[in-house]
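Some notes on the structure that comes next.
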Amino acid sequence: MLYLYVGIAGALGALARYGLGTAIGAVWTNTFPIGTLVINLIGSFLLGWMTHFLFRTGKLTPQVVTAVGTGMIGSFTTFSTFSVETIQLIDMGKADQAIGYVLLSAGLGLYSSYLGYHFGTKRLRHQRGEEMT
Amino acid sequence: MTILLIMAGAFLGAIARFGVGQLMKAWSASAFPWATLFVNVSGSFGLGYLSSHTTYASLLLFLGVGFFGSLTTFSTLKLELMRFTSKDWFHFGMYLMATYLFGLIAAYIGWHL
């Protein structure tokens with residue numbers, strides 16, 4: 001049953017990825033793949049925040065945590081599109097953009113995850129502090 | 001139709017990624033995120049191959065955006081990397097290098113195969 005929930009949540013996450021990617025692609029005309037980068041940064045922040053706050057509040061069942069974290073956010077973000085876009089940039093002779101894309105993805109992705117962790121942990125402490133008083 | 005194709009592919013991709021994770025958990029007690037590394041590298045190869053070998057829109061939506069897009073993940077990769085920071089810089093470096101290096105090489109091979 002858990003596999004079914006992960007699959008359904010994954011389908012919704014992918015749909016959100018496609019929707020946001022299409023919307024960004026409609027206004028962004030440069031070859032630099034900003035859409036995937038933005039999607040991946042948002043997802044990394046959300047997973048960090050959820051893992052360190054939302055999933056620890058005890059209000060969600062383990063099944064919901066797996067479906068949302070692994071299924072939905074996991075499918076919203078993507079690594080394969082990032083890899084292929086980088087190779088396409090290299091093939092187009094845009095090595096500078098390819099290097100920039102890899103560095104931004106590696107650096108900002110980690111920072112987004114950290115920010116999610118940071119704000120999530122803060123929020124959890126705040127909430128637990130209130131419960132104790 | 002576009003929406004259905006993406007959702008069907010992503011349904012299978014997310015289940016496959018979760019399944020690999022469960023299998024890996026049952027096989028080894030290693031703290032190294034082999035499952036994520038495996039899906040990200042194999043998915044990069046798959047999408048690379050698909051992208052340069054077909055222009056068939058339905059297949060690109062179902063397998064490309066849906067299946068390979070959801071089989072691979074970026075958010076879990078970053079969460080796992082962050083967990084290594086400050087306590088295990090060796091594995092942090094190994095995991096970061098392995099994912100980006102092998103992921104890009106796999107996409108390159110798939111694309112040019």
State the number of residues belonging to region A:1-15 that are touching a Phe, Trp or Tyr at 6+ places or on another chain (Cβ under 7 Å) and more than 10 Å from chain B (Cβ to nearest Cβ). 0
Residue check, B:TYR95 of a type in the set (Phe, Trp, Tyr), in contact (Cβ under 8 Å) with a residue 60 or more places away in the chain and within 16 Å of A:SER113 (Cβ to Cβ): yes
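So, in region A:34-60, exactly how many residues are hydroxyl-bearing (Ser, Thr, Tyr) and modelled with pLDDT under 95? Talk me through it step by step, then tell me what you get.
Taking region A:34-60 first, the residues hydroxyl-bearing (Ser, Thr, Tyr) are A:36, A:44, A:51, A:57.
From what's left, modelled with pLDDT under 95: A:57.
Count: 1.
Being in a helix (DSSP H, G or I), surrounded by fewer than 21 Cβ atoms within 10 Å (Cβ to Cβ) and either of a type outside the set (A, V, I, L, M, F, W, C) or in contact (Cβ under 8 Å) with a residue 60 or more places away in the chain (or both): is that true of B:GLY64 here?
Criteria not met by B:GLY64.
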Quick one: how many residues across region B:48-66 are within 11 Å of another protein chain (Cβ to nearest Cβ), more than 15 Å from B:LEU12 (Cα to Cα) and hydrophobic (A, V, I, L, M, F, W, C)? 1
Filter region B:1-26 down to the residues that are in contact with a helix residue (DSSP H, G or I) (Cβ under 9 Å, 6 or more places away or on another chain) and either over 15 Å from B:PHE62 (Cα atoms) or at pLDDT below 95 (or both) and list them by number. B:MET1, B:ARG17, B:PHE18, B:GLY19, B:VAL20, B:GLY21, B:GLN22, B:LEU23, B:MET24, B:LYS25
For region A:12-44, give me each residue that is among the polar types (S, T, N, Q) and within 13 Å of the chain's Cα centre (by Cα). A:THR36, A:ASN40, A:SER44
If you take the residues of region B:67-84 that are in contact with a helix residue (DSSP H, G or I) (Cβ under 7 Å, 6 or more places away or on another chain) and more than 8 Å from chain A (Cβ to nearest Cβ), which of them is surrounded by the fewest Cβ atoms within 10 Å (Cβ to Cβ)? B:PHE84
Identity of the residue in region A:58-81, within 15 Å of B:GLY13 (Cβ to Cβ), without any contact (Cβ under 8 Å) to a residue 60 or more places away in the chain and assigned to a helix (DSSP H, G or I), that ends up farthest from the other protein chains (Cβ to nearest Cβ): A:THR81
Just to be sure, is B:ARG17 in a helix (DSSP H, G or I) and free of Cβ contacts under 8 Å to residues at least 40 places away in the same chain? no
If I go through region A:20-57 residue by residue, how many of them are more than 13 Å from chain B (Cβ to nearest Cβ) and free of Cβ contacts under 8 Å to residues at least 40 places away in the same chain? 8
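The values are calculated or read from the model by the stated rules, or taken from the named source; none is laboratory data. All values reported here derive from a predicted model rather than from experimental measurement. Heads up, the Cβs are rebuilt from the backbone with ideal geometry, glycines too, and the neighbour counts pull from every protein chain shown.
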